[in-house]
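The values are calculated or read from the model by the stated rules, or taken from the named source; none is laboratory data. Everything quoted here is computed from the prediction, not taken from an experiment. Counting neighbours? That spans all protein chains shown, and the Cβs are built from the backbone with ideal geometry, glycine included.
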Amino acid sequence: MKHRLEKYVGQVVTVIYAGRDKGLTKRRVKLLEIGETYARTFCLERLAPRTLSIESVLAVGPGVGGKRYRRSS
């Protein structure tokens, strides 16, 4: 999964991942950085940074469609 994530760095994507409570979560995020075991992202729904464990990411794809989010200045 790390290689799939790396090709989207700097882009908005949709990720599906297993949360800490073992539930599935789907979010539109901007991928900021990929480390050895984590992905630093900015969540476009919560307008907040998120750090995801790469092993918990189940799927990733282009973040097209849906609602557009803008960060207020």
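Within region 7-24, the set of residues being in contact with a helix residue (DSSP H, G or I) (Cβ under 9 Å, 6 or more places away or on another chain) and modelled with pLDDT under 90 comprises GLY19, ARG20. For LEU31, the criteria (1) assigned to a strand (DSSP E or B); (2) modelled with pLDDT under 95 hold in every case but one, which is (2). Could you count how many residues in region 11-47 are among the hydroxyl-bearing types (Ser, Thr, Tyr) and farther than 16 Å from MET1 by Cα? So the answer is 1.
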